[in-house]
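Remarks on the structure that follows.
The values are calculated or read from the model by the stated rules, or taken from the named source; none is laboratory data. This one's a predicted model, so the numbers in the text were calculated from it and none came from an experiment. When we count neighbours, we look across all protein chains shown, and the Cβ atoms used for this are built from the backbone with ideal geometry, even at glycine.
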Amino acid sequence: MTDELLGELGLRQQQLLSIIDATPATDCYQQYHPDLSPLAWHLGHCAFIESYWISDRVLGNSRRTLDSESLYFPELSPKPGRAARMPGKTDLLDQCKTTFAENIGLLDELSQSDRSHPLLAGNYLLHFLIQHHCQHLETVEQILLQRAYRQNWRDFQADGLAPRTASPDPIKVEGGSVEFGNSDEAIAYDNERPVWSTTIDSFNIGKHAASNSEYLGFMLAGGYQNEDWWSSTGWQWQQSLGINAPDHWRQDASGNWYSLTANGPTSLGSNEAVYGLSFYEAEAFSRYQGGRLPHELEWEAAAAKKIIAPDAAWEWCNNHFFPYPGFHPYPYDGYSLPWFDERHLTLRGASLHTLAPIRRVTFRNFYTPEKRHVFAGVRVAFDSN
C-alpha cells in the first residue's frame, strides 16, 4: 500500500511540474483572477507543504522551510504580491523537482521506520499530501480557464445548442435516521468527521445535474430578467454585475452560445452538466424548475443510497458550511475551522477536473455564494408531497 501511495504522490508531483513546464513563463506568473494565485505559486506551495509536514511536523526540523514560510503559507502571503517574490520558471522547476524527490525519499524511509507519530499512522500523511495536490491541480485548471478568457476567440463558430424545457424527473428519497460522514481516519478531512446520525424528511431530487440545454431553456425563458426566481440578494448581485450567462459561456457572431475551456472554444454539449454558476444562479434555476437546492445532508443521503452520483460539476447546496457534532480540527486549525463563518456555502459532488483521490460521497467543498470560477452547477430538489 505504501509503495502505491508513494507512486500516487509522485504522479501528482509530475502533473504539477508538467503543467508549469508546458506553460510560457510569463503566463506562469500572471494572476488571472482575484481569487486565484499565479500558476507558479501552486507548484512552489505544493513542494513547500510537503517539506513542512515531513520535515517540520514529523522530523522536527524547520531548516528546509523557514525561509519560504512567508511566501507559501497562504495566510502570510497576499495573492497579488506572490509572483514578484518567486524564483524564475527554470529555477522553480529545478528546485521543486529536487524537493519532490527528496520528500519521496523521506516518506519512504519514514514508512519503514517507527510509525508512532500520529501523522504516519495508516499512511495519513501520504493520503493528506496526495489529496492536497489534487485540490491544487483542480485549482490550476481554474487558472488555465481564466487565462483562456483573455484570448480572442471571435472567429469561432459554434454548433447551435437547442434549449430544453426543464424536465427534472425527480426520484424520491425516503426520510428517516441517516448516518453522515466518513469513518476512514486515514483519508477523511476533519470536516467529514466524526460520523453522526440525524433524521431527515423524505424529499425528491433530480437524477442528474442540470444540463446545458436545460440551462439555456432557463435563459430563454427570461431567467436573468425575471426577478421572481431570484432571492433579493441574488437579484441585486446579478443586476449590479450584468450577469446573463454561465461564467465560461460566450456567443459567436450568429448568436450561438459556446463554451470556453482551457484549450480554447468548443460547442456546448446538450446533455453535459452546466457549470460556471454562482449559488445565486443555481438557486434561481431551481426556483424556475419549481424546486429548490438540496441541503447537503439530502445530497449525501441520496448519493449514499446510489440514487444520484457526482456528475461533471460541483453542486451548490442550500446550507452554510458547518461543523459536524463533535468536530475536531485536524491536522491543523486552518483547513475548515475559519470557514464555519455563516458566509461559506457547501458544494457536493465533483467536477470534470476533480481527481480520483477526492471523488467521494462525503467530500465537502465550500465557497461564498458569488463564486463562478469553481466549476459549479446545480441539481434541483423538491419537497416530498
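Tell me the residue from D190, D159 that is of a type outside the set (S, T, N, Q) and at pLDDT below 95, please.
Details: D190 fails: at pLDDT below 95.
Within the list D190, D159, the selection yields D159.
Among the residues of region 53-71, those that are assigned to a helix (DSSP H, G or I) and surrounded by fewer than 21 Cβ atoms within 10 Å (Cβ to Cβ) comprise S55, D56, R57, V58, L66, D67, S68, E69, S70, L71. Whether any residue in region 162-169 is β-branched (V, I, T) and touching a residue at least 60 places away in the same chain (Cβ under 8 Å) is what I want to check. Within region 162-169, not a single residue is β-branched (V, I, T) and touching a residue at least 60 places away in the same chain (Cβ under 8 Å). Only one of the listed residues (A245, A186) is assigned by TED's automatic domain parsing to the domain that holds A350, exposed (fewer than 15 other Cβ atoms within 10 Å of the Cβ) and assigned to a loop (DSSP other than H, G, I, E, B). That residue is A186. Residues in region 274-300 that are farther than 18 Å from S213 by Cβ and of a type in the set (D, E, K, R) were compared, and the one that is surrounded by the fewest Cβ atoms within 10 Å (Cβ to Cβ) is R292.
Within region 248-273, the set of residues being free of Cβ contacts under 8 Å to residues at least 60 places away in the same chain and crowded, with 17+ Cβ neighbours inside 10 Å comprises W249, S259. Looking at region 211-235, which of the residues that are small (G, A, S) and surrounded by fewer than 19 Cβ atoms within 10 Å (Cβ to Cβ) is farthest from S259 (Cα to Cα)? The extreme case among them is S232. Candidates L17, L11: the one that is in the same structural domain as Q135 (by TED's automatic domain parsing), in a helix (DSSP H, G or I) and under 22 Å from R85 (Cα atoms) is L17.
Going through S197, S202, S213 one at a time, which residue ends up being without any contact (Cβ under 8 Å) to a residue 24 or more places away in the chain and more than 20 Å from the chain's Cα centre (by Cα)? Give the derivation first.
Values: S202 fails: without any contact (Cβ under 8 Å) to a residue 24 or more places away in the chain; S213 fails: without any contact (Cβ under 8 Å) to a residue 24 or more places away in the chain.
Exactly one of S197, S202, S213 is without any contact (Cβ under 8 Å) to a residue 24 or more places away in the chain and more than 20 Å from the chain's Cα centre (by Cα), namely S197.
Pairs please, first residue from region 1-22 and not hydroxyl-bearing (S, T, Y), second anywhere and not in a helix (DSSP H, G or I), Cβ atoms under 8 Å, 6+ apart in sequence or on different chains. Correct list of pairs: R12/L355. Considering only residues in region 132-156 that are over 24 Å from the mean Cα position of the chain (by Cα) and either of a type in the set (A, V, I, L, M, F, W, C) or closer than 22 Å to S213 by Cβ (or both), the one that is modelled with the lowest pLDDT turns out to be W153. Of all residues in region 211-240, those that are more than 19 Å from R372 (Cα to Cα) and either modelled with pLDDT under 95 or of a type in the set (D, E) (or both) total 2. Within region 356-366, can one find any residue that is within 26 Å of W249 (Cβ to Cβ), surrounded by 15 or more Cβ atoms within 10 Å (Cβ to Cβ) and outside the structural domain of A121 (by TED's automatic domain parsing)? Within region 356-366, one or more residues are within 26 Å of W249 (Cβ to Cβ), surrounded by 15 or more Cβ atoms within 10 Å (Cβ to Cβ) and outside the structural domain of A121 (by TED's automatic domain parsing).
Okay, residues lined up against (1) buried (at least 18 other Cβ atoms within 10 Å of the Cβ); (2) of a type in the set (G, A, S); (3) outside the structural domain of H42 (by TED's automatic domain parsing); (4) more than 30 Å from S202 (Cβ to Cβ):
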| residue | (1), (2), (3), (4) |
| --- | --- |
| D91 | no, no, no, yes |
| D94 | no, no, no, yes |
| E109 | no, no, no, yes |
| Q112 | no, no, no, yes |
| A121 | no, yes, no, yes |
| H133 | yes, no, no, yes |
| Q142 | yes, no, no, yes |
| A162 | no, yes, yes, yes |
